[in-house]
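I have placed the structure first, in the form of structure tokens, so that the comments after it can refer back to it.
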Amino acid sequence: MRGLPPGGETVQHYELPTDVRGRWTIGPLSLERRDAFGLARSSVPAGETTTLWVHPRRLPARALSGGRRRHHHEGTVTDSALRGSAELNDVREYVPGDEVRLLHWKATARTGQLMVRDLADPQRSRFTVLLDTRAAAATADSFEELVETAASLLSASVAAGQHTCLLTSSGHRTAVDGTAGAAGALLDALSEVTQDDRTARLPPDRGGNLVVVCGDGPPLVPAATLLRRFTRIHVIALGGPVEVPGARVLRARTADEAVRLWNEALG
């Protein structure tokens, strides 16, 4: 920038990489000073780094409600209970912020790592999206349409106050409750999701509604397995024909068309 007079100010702008979803590290700025002839130069960093999350595009989707609520042997629970209720959903590694009272000591002794009980509220509706991340199932452009479709449905579910979970065929799992700001964790996960050739086992989630967002290729999980674990199954296929016995299948070419058909199907 040009030289400033004593006490002068200026505002400079530079473009951020917001045209592609992802997690980007921004900064620090580099302040450089040169002489008029370009013979000498000095550079010093200024400021700190920060993380910029570029989320996938979201379309106005309707939330899918309904589905049988799972029976809880202790009766009615409230949202004030630890992580929703006393019903065990999974045992996972401890992360900072977890309640110490949820530590699972037997699992900790067996694995050598701190493990906690992941509890869920059976009184709330459950909504899960299984995203096809197999490299052979979609082109790079089609995969972005899959991600946008998943982001639209997950955001609508969280806004409706449902327990919401993102699964990928490679084994990633992000689960949130339907509270304000919870959608951010799902969108952060979708910002970084990529295609690969891994196909992991389906985590032990049960109950509620499942939507499989997929491209071409064979089904991610046998239909019989899905039907045993979820109340209702829906499939949104972007690409070739997909048949999943016992599930409602919507075929589309883009995320816009997929969300439109989804909203129409919900009436």
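Side notes on the structure shown:
- For residue 114, distant residues with modelled amide H under 5 Å away: 94
- Distant-in-sequence amide H partners of residue 126 (H built 1.01 Å from N, under 5 Å): 209
- In order along the range 185-199, the phi-based Karplus estimate (6.51 cos²θ - 1.76 cosθ + 1.60, θ = phi - 60°) of 3J(HN,Hα) comes to 5, 5, 5, 4, 5, 5, 5, 9, 5, 9, 8, 7, 9, 7, 9 Hz; Gly and Pro are listed as x.
- Order by protection proxy (mean Cβ within 10 Å, highest first), peptides 255-262, 159-166: 159-166, 255-262
- The range 1-50 - Rg (one decimal) and Dmax (whole number), Cα, Å: 14.7, 42
- Calculated from backbone phi, Karplus (6.51, -1.76, 1.60) coupling profile of the range 162-171 in Hz, x at Gly/Pro: 8, 5, 10, 9, 9, 10, 10, 5, 7, x
- For the range 144-221, the Stokes-Einstein estimate of translational diffusion at 25 °C and a viscosity of 0.890 mPa s comes to 187 µm²/s, using the Kirkwood hydrodynamic radius over alpha-carbon pairs.
- The H on the amide N of residue 59, modeled in the peptide plane, is under 5 Å from the matching H of 152, each at least 5 residues off or on a different chain.
No value in this document is a laboratory result; all are computed from the given coordinates. Treat the numbers as computed from the prediction; the structure is a model and nothing was measured. Cβ: placed from backbone, ideal geometry, glycine included. Neighbour counts: every protein chain shown.
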